[in-house]
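Novice: Encoded as structure tokens, here's the structure I'll be asking about.
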Amino acid sequence: MREKPLGLDHRFASIPSIRFAFGDARRPLPLSFAAEPSLDRRQVHGVRVVEVDVPGQACGEADGFCTWRAGVMVNVITADCLPLLFAREDGGAVAAVHAGWRGLLDGVLESTVAMIAQRDDPARWRCLIGPAAGPCCYEVDEPLVRRFEARLPWLAPHLIAPRHRHLDLGAIARARLNAAGIEDVETLDACTICSRDERGEFRYHSYRRRRKEAGPTNQYACIIIDPDDGGPARTG
């Protein structure tokens, strides 16, 4: 799958006061976030979303993390699941969510929007979906495709599974977020299973690709509100 570069052509990158980055195989934890305390949590493919108030907060079992405080980094670890970064359009709040097929089915995105709605209008938020297993490679069994079709009867089957038994997690996430009230959703067209870099090496770690081998299988997606920074979002 051809990867769309992450640059200022993305609306998400124009949000002021935030900094964000997605890791890859060369640097699973982006260099610009190496000094930030990571959250103490256990991701379990669930729907619990935690509001984070201090750096490195103990969050228990959770798959979504939201903060309104500058200088508090939130992040998620993913292999082939979706890493979703959220930000208020003025940079006043951010969130990071881990969503695989279980989380998408069970409602982790709706849980995220519900938390946002407790304090704000979700329509003021934007989302950027990072590298994940793409419909080119994410093959599943037919019963799982049918479960998604039953849960999302208003979404065309060819959008859920554009190829036979291949789920499009990004399309499903966009549809669920739009239905929940977040309209501005962008997706990086980067498949963790097959994307390669300029040297021809795999760009991302992938659990599905490496599940029979030893070695790392995941990377981080990170976002923070930069204190005293009124400019556009910075990546890296």
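The values are calculated or read from the model by the stated rules, or taken from the named source; none is laboratory data. The structure presented is a predicted model; accordingly, all values stated were derived computationally and were not measured. Here the Cβ positions follow ideal geometry from the backbone for every residue, glycine too, while neighbour counts run over all protein chains shown.
Novice: Would you check which residues across the range 128-141 are of a type outside the set (Gly, Ala, Ser) and not in a loop (DSSP other than H, G, I, E, B) and list them?
Specialist: Leu128, Ile129, Glu139
Novice: Out of all the residues in the range 65-75, which are out of contact with any Phe, Trp or Tyr (no Cβ under 8 Å at 6 or more places or on another chain) and in contact (Cβ under 8 Å) with a residue 40 or more places away in the chain?
Specialist: Across the range 65-75, the qualifying residues are Thr67, Trp68, Arg69, Ala70, Gly71, Val72.
Novice: Could I ask something else about it? Which of the residues belonging to the range 155-170 are surrounded by fewer than 20 Cβ atoms within 10 Å (Cβ to Cβ), within 22 Å of Cys127 (Cα to Cα) and in contact (Cβ under 8 Å) with a residue 24 or more places away in the chain?
Specialist: none
Novice: Going through the range 195-224 one residue at a time, which ones are touching a Phe, Trp or Tyr at 6+ places or on another chain (Cβ under 8 Å) and at pLDDT 90 or above?
Specialist: Result: Ser195, Arg196, Asn218, Gln219, Tyr220, Ala221, Cys222, Ile223, Ile224.
Novice: Now, a different point. Could you list, in sequence order, all residues of the range 183-198 that are surrounded by fewer than 18 Cβ atoms within 10 Å (Cβ to Cβ) and in a loop (DSSP other than H, G, I, E, B)?
Specialist: Across the range 183-198, the qualifying residues are Glu183, Asp189, Cys194, Asp197, Glu198.
Novice: Next question. I'm trying to understand the selection: among the residues of the range 66-83, which are within 20 Å of Pro16 (Cβ to Cβ) and in contact with a strand residue (DSSP E or B) (Cβ under 6 Å, 6 or more places away or on another chain)?
Specialist: Answer for the range 66-83, where residues must be within 20 Å of Pro16 (Cβ to Cβ) and in contact with a strand residue (DSSP E or B) (Cβ under 6 Å, 6 or more places away or on another chain): Cys66, Thr67, Ala70, Met73, Val74.
Novice: If you don't mind, another one. Looking only at the range 28-45, how many residues end up being part of a loop (DSSP other than H, G, I, E, B), surrounded by 14 or more Cβ atoms within 10 Å (Cβ to Cβ) and over 17 Å from the mean Cα position of the chain (by Cα)?
Specialist: Within the range 28-45, residues that are part of a loop (DSSP other than H, G, I, E, B), surrounded by 14 or more Cβ atoms within 10 Å (Cβ to Cβ) and over 17 Å from the mean Cα position of the chain (by Cα) number 1.
Rundown of residues vs (1) within 22 Å of Leu167 (Cα to Cα); (2) over 16 Å from the mean Cα position of the chain (by Cα); (3) in contact (Cβ under 8 Å) with a residue 24 or more places away in the chain; (4) not in a loop (DSSP other than H, G, I, E, B), yes/no style:
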residue	(1), (2), (3), (4)
Phe20	no, no, yes, yes
Val47	yes, no, yes, no
Val50	no, no, no, yes
Ile77	yes, no, yes, yes
Gly92	no, yes, yes, no
Val97	yes, no, yes, yes
Arg102	yes, no, yes, yes
Glu110	yes, no, yes, yes
Arg126	no, no, yes, yes
